[in-house]
1. May I ask you to list the residues in segment B:101-144 that are over 23 Å from the mean Cα position of the chain (by Cα) and modelled with pLDDT under 90?
2. Condition test on residue B:79, is it surrounded by fewer than 16 Cβ atoms within 10 Å (Cβ to Cβ) and out of contact with any Lys or Arg (no Cβ under 9 Å at 6 or more places or on another chain)?
3. Would you confirm whether any residue within segment A:28-46 is exposed (fewer than 10 other Cβ atoms within 10 Å of the Cβ) and either of a type in the set (D, E, K, R) or out of contact with any Pro (no Cβ under 7 Å at 6 or more places or on another chain) (or both)?
4. Does residue B:105 satisfy being out of contact with any helix residue (DSSP H, G or I) (no Cβ under 6 Å at 6 or more places or on another chain), surrounded by 11 or more Cβ atoms within 10 Å (Cβ to Cβ), assigned to a helix (DSSP H, G or I) and within 14 Å of chain A (Cβ to nearest Cβ)?
5. Out of segment A:132-145, which residues are touching a Ser or Thr at 6+ places or on another chain (Cβ under 9 Å) and surrounded by fewer than 19 Cβ atoms within 10 Å (Cβ to Cβ)?
6. With respect to residue A:55, determine if the residue is in contact (Cβ under 8 Å) with a residue 24 or more places away in the chain and touching an Asp or Glu at 6+ places or on another chain (Cβ under 6 Å).
7. Restricting attention to segment A:19-28, does a residue exist that is under 16 Å from the mean Cα position of the chain (by Cα) and on the phi < 0 side of the Ramachandran plot?
Amino acid sequence: MKVTVNKADSYENESAVINAVTVTDDIRNAVDILRGSGASIPVVSEGDTLMLRASSIYYIESVDKRTYVYTKDACYETKHRLYELEEILGVNFLRCSKAMIVNIRKIRSVRAELNARLSAELLNGERLIISRGYVKDLKKKLGVV
Amino acid sequence: MNKAKLIFNHTLMISTAILFGLGVRTAVLFFATGSYMINWEWYIPLSIIAVGFLCSLASLLLYDDPATSRANMRVRICLHFLLVLAVVSISGCFFGWYSDLAGYLLILIMYILIYAFVWISTVWMLRTDEKKINEAINEIRDEE
């Protein structure tokens, strides 16, 4: 594939366009890396440790000092703490409450509650709450003033 | 936003709303009678801030995080309305904001109008934010 890199005048103007006949796994990986979701985290599934791509994570929850990672239809445990995962996973992930991190790219829509919280519906149909204190962070990440 | 900041902000907002209400009241009385003078006791301005503070404590009822369901929130709003009304009524009587039933009814009408205005504004702002956030999410959302 022919690759061209042009210098942009600011970070806001940075963009990447891929012209491909078919979207292969390599292209998906490249897109994940460009979007900042190329990171992987070790999780435990039935006694085995495997690496889970950030792009497949829907949300992460901490319950009784254990951290659980949820994908579209599976749940895994990880030894990482939430604050560590926040650093590893990058910009697409948002702390939405004291015990939860959500992948913003997996949110289908949000609904404002009267007590200033947001109820978020994920792509797999699950609903979770974005606490009042973290709504500002979401707006900042999305560039909503 | 922590609770102290919430109480501080609400104290300022409610005190301003009370001043606005009193302003409207005096304007109505002026235009109704042709002449109206305010003669405030020394403690009236402080009483407005004190009532603002007491009413802001009731706001904790609304913004306490464990409430999840919409039904629960509606009950909390009703309780909040009654609690703030009780604070305004008792404080108004104590500080001499009204002296007869007609005066109290005027306070009551002002309270209902301000309460409704605050909630309509709040819902409008929440819906505006909701729309903006959903538009931004649509731009970056993964395919299902």
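1. B:139, B:140, B:141, B:142, B:143, B:144
2. Values: surrounded by fewer than 16 Cβ atoms within 10 Å (Cβ to Cβ): yes; out of contact with any Lys or Arg (no Cβ under 9 Å at 6 or more places or on another chain): yes.
For residue B:79, the condition - surrounded by fewer than 16 Cβ atoms within 10 Å (Cβ to Cβ) and out of contact with any Lys or Arg (no Cβ under 9 Å at 6 or more places or on another chain) - is met.
3. So in segment A:28-46, the residues exposed (fewer than 10 other Cβ atoms within 10 Å of the Cβ) come out as A:46.
Right, trim to either of a type in the set (D, E, K, R) or out of contact with any Pro (no Cβ under 7 Å at 6 or more places or on another chain) (or both) and you get A:46.
Yes.
4. Working: out of contact with any helix residue (DSSP H, G or I) (no Cβ under 6 Å at 6 or more places or on another chain): yes; surrounded by 11 or more Cβ atoms within 10 Å (Cβ to Cβ): yes; assigned to a helix (DSSP H, G or I): yes; within 14 Å of chain A (Cβ to nearest Cβ): no.
No.
5. Quick first cut of segment A:132-145, residues touching a Ser or Thr at 6+ places or on another chain (Cβ under 9 Å) only: A:133-134.
Result: A:133, single match.
6. Numbers: in contact (Cβ under 8 Å) with a residue 24 or more places away in the chain: yes; touching an Asp or Glu at 6+ places or on another chain (Cβ under 6 Å): yes.
Judged against the criteria, residue A:55 is a match.
7. yes
Table: residues versus (1) touching a Phe, Trp or Tyr at 6+ places or on another chain (Cβ under 9 Å); (2) crowded, with 16+ Cβ neighbours inside 10 Å; (3) under 30 Å from residue B:75 (Cβ atoms).
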| site | (1), (2), (3) |
| --- | --- |
| A:68 | yes, no, no |
| A:83 | no, no, no |
| A:91 | no, no, no |
| A:100 | yes, yes, yes |
| A:106 | yes, yes, no |
| A:113 | no, yes, yes |
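The values are calculated or read from the model by the stated rules, or taken from the named source; none is laboratory data. What you are looking at is a predicted structure, and each value in this text was computed from that prediction instead of being measured. Because the Cβ atoms are built from the backbone with ideal geometry, glycine has one as well, and the counts that use them run over all protein chains shown.
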